[in-house]
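The values are calculated or read from the model by the stated rules, or taken from the named source; none is laboratory data. Predicted model only: the values in this text are computed from it and were never measured. Note: ideal-geometry Cβ built from the backbone for every residue, glycine included; neighbour counts use all protein chains shown.
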Amino acid sequence: MNSKLTLKLDQGTIELAKDYAKVKKISLSKMIENYLKLLTRGVKQDIEISPLVESLCGVIKSKRTDYEKEYIDHLTKKYK
């Protein structure tokens with residue numbers, strides 16, 4: 001469901017945003033909506049994890065090494 005939102009912005013900013021939206025062929029409302037979604041994407045939400053998914057956590061073993069240590073060793077050897 002869409003709701004109306006009123007914003008108070010500098011007139012120059014509004015005009016620039018309208019021009020940008022026109023060039024991108026997107027409505028100003030949609031552009032602001034997309035921006036707000038982008039900003040809040042990383043916000044942790046209470047998501048319930050199913051028992052099946054939880055049981056799968058850690059099943060695949062990673063062969064990841066300590067890249068930072070390897071890089072420091074590489075630089076040490078390079079600049080000795």
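Where the second residue is modelled with pLDDT of 90 or more and of a type in the set (S, T, Y) and the first is under 16 Å from E33 (Cα atoms) and lies in region 1-22, which pairs have Cβ atoms under 7 Å and are six or more apart or on separate chains? Correct list of pairs: A21/S27. Screening the candidates Y20, Y71, Y67 for the property of being under 25 Å from the mean Cα position of the chain (by Cα) and surrounded by 10 or more Cβ atoms within 10 Å (Cβ to Cβ) yields one hit, Y20.
Working only within region 10-65, note down all residues that are hydroxyl-bearing (S, T, Y) and at pLDDT below 80. Show your work before the answer.
Step one: of region 10-65, the residues hydroxyl-bearing (S, T, Y) are 13, 20, 27, 29, 35, 40, 50, 55, 62, 65.
S62, T65, listed by residue number.
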